[in-house]
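The values are calculated or read from the model by the stated rules, or taken from the named source; none is laboratory data. Bear in mind the structure is a predicted one, so any value in this text is a computation, not a measurement. Every residue, glycine as well, gets a Cβ built from its backbone with ideal geometry; the counts of neighbours run over all protein chains shown. Ligands, DNA and RNA are stripped out before the accessible areas are found, and what is left, the full protein with its side chains, is counted by its heavy atoms. Shrake-Rupley method; radii C 1.70, N 1.55, O 1.52, S 1.80 Å.
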Amino acid sequence: MKRIDVTNLSKEFTLHLQGGLHMHVLSGIDLQVDAGECVVIHAPSGAGKSTLLRCLYANYRASGGRIVMRHGDEWVDLVTAGAQKIHAVRHSTLGFVTQFLRVIPRVTTLDLVAEPLVSRGVDSGIAVDRAKEMLSRLHIPMRLWGVPPATFSGGEQQRVNIARTMIVDYPILLLDEPTASLDEANRATVIDMIHEARENGAAIVGIFHDEAVRRAVTTRLFSIAPAQAVSLVASI
Ligand SMILES: Nc1ncnc2c1ncn2[C@@H]1O[C@H](COP(=O)(O)OP(=O)(O)O)[C@@H](O)[C@H]1O
Ligand SMILES: [Mg+2]
């Protein structure tokens, strides 16, 4: 079953500090992803991989094309969707793991990880049990569960971030280098979680710096051709 249908996507940035230069980062991107696939974007640094994922999450508004996603029993084009619809898609359909945790002050790690389930109507006792399970699998020591993650190391924060997203069974998952600063054991956990999400029917699009992780999770590679990558065009 198709879950993502991107056609002719383009993204350009206007660099106001450089005299209004237009930087064409993505053009002519076509990408379809089915339930159960893990499509890995493979391209050199700076080619626009993160930009593509941010467009798919509607963090960046695409300059052109369509980004159609299966949301419940409807299809939503995120390029033209309004803020409320984008919010609804992110709530129940679309999860995004980035390298960075948006730290919420004074909320304990356990509550932070359980929160996405609670806000989706799951009983708080069950949500907390599931959060404990996620934190254990990602080797966050129990003594840290009652502490806000503000003071955690980069790798610990990244694992909290992964736990907080992967605790929800999103039908579509976007992963931007989720294993970038993790050790071997935690990379293995993330690989397992990706397999489990696929078995649950998630359609996944990811960027993985690490060759071994890429080999373990990829069902299909997607290249951003150099010809489609960065070009500079001066504005008139
Ligand atoms: N918000 C932005 N404003 C201007 N340029 C950006 C912005 N985001 C990304 N870029 C530029 O787009 C290009 C692709 O960046 P990115 O998508 O992060 O590459 P990758 O993830 O493949 O390394 C880079 O040249 C980057 O500087
Ligand atoms: Mg990137």
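When the residues of the stretch 128-144 are filtered to those that are of a type outside the set (D, E, K, R) and free of Cβ contacts under 8 Å to residues at least 24 places away in the same chain, the one that is nearest to Tyr170 (Cα to Cα) is Val128. Among all residues of the stretch 132-140, there is at least one that is open to solvent by less than 40 Å² (accessible area, probe 1.4 Å), part of a helix (DSSP H, G or I) and at pLDDT 95 or above. Of the residues making up the stretch 141-162, just one is surrounded by 21 or more Cβ atoms within 10 Å (Cβ to Cβ) and more than 21 Å from Glu184 (Cβ to Cβ), namely Pro149.
Inspect all residues belonging to the stretch 18-36 and state whether any of them is touching a helix residue (DSSP H, G or I) at 6+ places or on another chain (Cβ under 7 Å), surrounded by 15 or more Cβ atoms within 10 Å (Cβ to Cβ) and outside any strand (DSSP E or B). Yes, that holds for at least one residue. Picking from residues in the stretch 65-74 that are at negative phi and in contact (Cβ under 8 Å) with a residue 12 or more places away in the chain, the one that is farthest from the chain's Cα centre (by Cα) is Arg66. You will find that of Glu177, Glu115, the residue that is of a type in the set (D, E, K, R), within 16 Å of ligand 1 (Cβ to nearest atom), surrounded by fewer than 22 Cβ atoms within 10 Å (Cβ to Cβ) and in contact (Cβ under 8 Å) with a residue 24 or more places away in the chain is Glu177 and no other.
Working only within the stretch 41-86, note down all residues that are within 16 Å of ligand 2 (Cβ to nearest atom) and out of contact with any strand residue (DSSP E or B) (no Cβ under 7 Å at 6 or more places or on another chain).
Applying the first criterion (within 16 Å of ligand 2 (Cβ to nearest atom)) to the stretch 41-86 yields 41-57, 59-60.
Residues satisfying the conditions are Pro44, Ser45, Gly46, Ala47, Arg54, Asn59.
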